[in-house]
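The values are calculated or read from the model by the stated rules, or taken from the named source; none is laboratory data. What you are looking at is a predicted structure, and each value in this text was computed from that prediction instead of being measured. Quick reminder, even Gly has a Cβ in these numbers, built from the backbone with ideal geometry, and neighbours come from all protein chains shown. These accessible areas exclude ligands, DNA and RNA; they are computed on the full protein's heavy atoms, side chains included. Shrake-Rupley method; radii C 1.70, N 1.55, O 1.52, S 1.80 Å.
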Amino acid sequence: MDRGLSGLAHVLAFLGCCCLGLPLADAAVVEHTFHVGNLTISRLGHSQVITAVNGQFPGPKLEARDGDTVVVHVVNNSPYNITIHWHGILQRLSGWADGPSMVSQCPIHPGGAAYTYRFNITGQEGTLWWHAHVSFLRATVYGALLIRPGPGKPHYPFPTPHGEATLLFGEWWNASVVDVERQAMLSGGAPNNSIALTVNGMTTGGYELPVRHGETYLLRLINAALNYQLFFKVAGHDFTVVAADACYTEPYDTDVIVLAPGQTVDALMRADASPGHYYMAAQVYQSLANATYTANTTALLWYEQHDVATAEAATAGTSMIVMPTMPAFNDSETAQGFYGSLTGLLPDGKPTVPLHVDTRMLVTYGLGVMPCSPTQTLCNRTRGSVAASMNNVSFQLPTTMSLLEAHMRGNVDGVYTRDFPDRPPLMFNFTSAAAGSNRSVMLTSKGTKVKTLRFNTTVEVVLQNTAILGSENHPLHLHGFNFYVLAQGVGNFDARTAVRSYNLVNPQQRNTVAVPAGGWAVIRFTADNPGVWVMHCHLDAHLPFGLAMAFEVDDGPTPDTILPPPPPDYPQC
């Protein structure tokens, strides 16, 4: 195991010589090449072939500054189609680089095909990440994307820490994740659970973080797991959350952090415990009733020794490793307490929430059923196949052309329609368990429908969870935008009472919101980025079920608000 460095070498490696006020290279272009291919690695005594980038798991860490241009050449030598999504990057007028397969691009085909992603980072700083957006490949194709403050703004809006560490949480299968997804598709049910959680690609005990007593560290936490939300704690230590999804928050003190798949949290941690060894622990949070999967994993935080007596005690094996007391795996009260306690940090102390709303939507979403397709050879024809929907439309990706290309061509016939409904077709008691006994409510149908928005209009969306096949906390991710989370609650949304709880002063901003099980959330954003942008559940098992929809945003009135044509190497289907 890598126990890190000590002395000056440790400090330089830990800080990366480029953060926390120290200048990055002057170049305004950050360029990388990603070679995607097979990699054989061993975990839990099992040798497994995975898909990886540049022979690394997780993949390379990308670092840039606000204002930089990022250029990544992706060469696909894997046996599968691939795309890369830069999760949380706003992609202003660069939708061709967003990455979701058949939404913003056709996939990059196997056999050495390549595509160059080029985008500017504008008005963003903090912790984001990148991942594959095809099949279940993001189980192993992912990495951190860290954005430092740009020139002229060398400091973060919180006390300068002494060092930082990036922790990516993931899942591990002793199987091909492509086969796992295919088996689920054939049966029309949920995929097999992973067998372990990982921290920076390593299972329990594999990752270690050295710290120095009295110093403060910025932990950049990323939930890259496919299907599970997580509790995170460090024994003997507390946190101050300062950002979520690369949006600064009012400092929030807590001893537990909750992350849904896709979400990131930046938290300051002061190394003020007695010098010794402490476990960092991540544990699955289950919001679904009767769920039994309770995986967890640990990593080790240890203090660099300050005196001979402490060092000798550690050598003699007398120092004890302390384990944090974790919440119950189904502790929704703790999870929602964390999610609902974050507020945004106001720039210059001034509210920025748009107060005038042009478009209002009520979007119900959750799981349902539909008849088995002929290709689902293992599907129970009587019970049907699990499906997911938003406003009773189970999203179907196109097969011949990406949504964005069809939008750009102005020829959407046969690719998508512009009739995604603003409200569900049927109003019922969305969060009642009795909804699951109503076959007409359970049934859904496939469609490729988008909601068209005029440029620069303000959109408010009520996201209403349903309990048709069980009530579950779903993390919904919107591409191309950050949004304000105005309010969250349990039960059925009631505008008459809910509006009184809206935070229109300093709500948290996010790109992924964890909507409470059996509840709702209200988000608001300005449609100022032309293109086609998908919003989908970031529990990857739910995306092929159809838990997604898309917004089509028209071009703006001036040349600098018009989406440019695709790049010359844009992949063809």
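What size of dipole, in debye to the nearest 20, comes out for the chain about its Cα centre when the only charges are +1 on Lys and Arg C-beta atoms and -1 on Asp and Glu C-beta atoms? Please report the intermediate quantities before stating the final value.
Values: 30 positive and 42 negative charges, 286 e Å.
Around 1380 debye, computed over the chain.
Report, in degrees rounded to the nearest 10, the 0 to 90 angle that the Cα long axis of helix 177-187 makes with the longest principal axis of the chain.
Here the helix axis deviates by roughly 40 degrees.
Using unit Cβ charges (K, R positive; D, E negative) and no other charged atoms, how large, in debye to the nearest 20, is the dipole of segment 47-176 about its Cα centre?
Charge dipole, segment 47-176, about its Cα centre: 140 debye, nearest 20.
For Glu125, which sequence-distant residues (separation of 5 or more, or a different chain) have an amide H within less than 5 Å of its own amide H, given hydrogens modelled in the peptide plane?
Counting only residues 5 or more places away or on other chains, the set is empty.
Nearest 10 degrees, 0 to 90: what angle lies between the long axis of helix 332-341 and the longest principal axis of the chain (Cα atoms)?
On a 0 to 90 degree scale, this one is about 90.
For Ser402, Ser432, write out the residues from largest to smallest accessible area, computed with a 1.4 angstrom probe and no ligands counted.
Accessible-area ranking of Ser402, Ser432, largest first: Ser432, Ser402.
Quick check: from the Cα gyration tensor, does segment 355-500 come out rounded (a/c under 1.5), prolate or oblate?
Taking the square roots of the gyration eigenvalues as a ≥ b ≥ c, segment 355-500 is oblate.
Report the FRET efficiency, 1/(1 + (r/R0)^6), for Leu443 and Ala175, where r is their Cβ-Cβ distance and R0 is 41 Å, rounded to 0.05. Mind showing how you got there, number by number?
Numbers: r = 32 Å, r/R0 = 0.78.
It comes to 0.80.
Which cross-chain or sequence-distant (5 or more) residues have an amide H under 5 Å from the amide H of Ser287, H modelled 1.01 Å from N in plane?
For Ser287, whose amide H was placed from the backbone, the distant partners under 5 Å are Asn473.
Step through the residues of segment 508-521 one at a time and calculate ³J(HN,Hα) from phi using the Karplus curve (6.51 cos²θ - 1.76 cosθ + 1.60, θ = phi - 60°), rounding each to whole Hz and writing x for Gly and Pro.
Values per residue, Gly and Pro as x: 5, 10, 8, 10, 9, 10, 8, 6, x, 4, x, x, 8, 9 Hz.
Between (1) 1.48; (2) 1.15; (3) 0.94, which matches Cα Rg over 2.2 N^0.38 Å calculated for the structure shown?
Matching entry in (1) 1.48; (2) 1.15; (3) 0.94: (3).
Using the Cα gyration tensor of segment 210-294, with a ≥ b ≥ c the square roots of its eigenvalues, what is the shape: rounded (a/c below 1.5), prolate (a/b larger than b/c) or oblate (neither)?
Oblate.
Express in % the proportion of alpha carbon pairs of segment 203-256 at distances exceeding 18 Å.
Values: 644 of 1431 pairs.
Of all Cα-Cα distances in segment 203-256, 45 percent exceed 18 Å.
Let me check I've understood the local charge: for Gly447, count other residues with C-beta under 13 angstrom from its C-beta, Lys and Arg +1, Asp and Glu -1. What total comes out?
Values: positive: Arg418, Lys446, Lys449, Lys451; negative: Asp419.
Charge balance near Gly447 sits at +3.
Quick one: which residues, 5 or more positions from Asp528 or on another chain, have an amide H under 5 Å from its amide H? H modelled 1.01 Å from N in the peptide plane, none for Pro or chain starts.
Under 5 Å from the amide H of Asp528 lie the amide H atoms of Asn456, each far enough along the sequence or on another chain.
Give the range of the longest stretch in the chain that excludes all trypsin sites (Lys or Arg not before Pro) found in loop regions by DSSP and having at most 16 other beta-carbon atoms within 10 Å.
Numbers: sites that count: Arg3, Lys61, Arg381, Arg383, Arg418, Arg454.
Longest run free of exposed loop sites: 62-380.
Classify segment 55-178: rounded, prolate or oblate, from the alpha-carbon gyration tensor (a ≥ b ≥ c, eigenvalue square roots; a/c under 1.5 rounded; otherwise prolate if a/b is larger than b/c)? Intermediate values should be presented prior to the final figure.
On the way: a/c = 2.54, a/b = 1.47, b/c = 1.72.
Taking the square roots of the gyration eigenvalues as a ≥ b ≥ c, segment 55-178 is oblate.
Over the chain, give the accessible area per residue in Å² for a 1.4 Å probe, as an integer.
38
Whole-Hz Karplus ³J(HN,Hα) for segment 95-111, in order, using 6.51 cos²θ - 1.76 cosθ + 1.60 and θ = phi - 60°, x for Gly and Pro?
Values, residue by residue: x, 5, 9, 5, x, x, 4, 6, 9, 9, 6, 6, x, 7, 7, x, x Hz.
Per residue of segment 366-380, in order, report the coupling 6.51 cos²θ - 1.76 cosθ + 1.60 (Karplus, θ = phi - 60°) as ³J(HN,Hα) in whole Hz, putting x for Gly and Pro.
Once θ is set to phi - 60°, the couplings for segment 366-380 become x, 9, x, 9, 8, x, 4, 7, x, 7, 8, 5, 9, 7, 6 Hz.
Can you find, among Cys247, Gly189, Thr216, the residue farthest towards the positive end of the dipole of the chain? Put +1 on the C-beta of Lys and Arg, -1 on that of Asp and Glu.
So the residue furthest toward the plus end is Gly189.
May I ask you to rank Asp528, Asp413 by accessible area, largest first, using a 1.4 Å probe over the protein chains only? Each step should come with its number before you reach the end.
Numbers: Asp528 50, Asp413 130 Å².
Descending order: Asp413, Asp528.
Accessible area of the chain with a 1.4 Å probe: how many percent of it is carbon plus sulfur?
Roughly 54 percent of what the probe reaches on the chain is carbon or sulfur.
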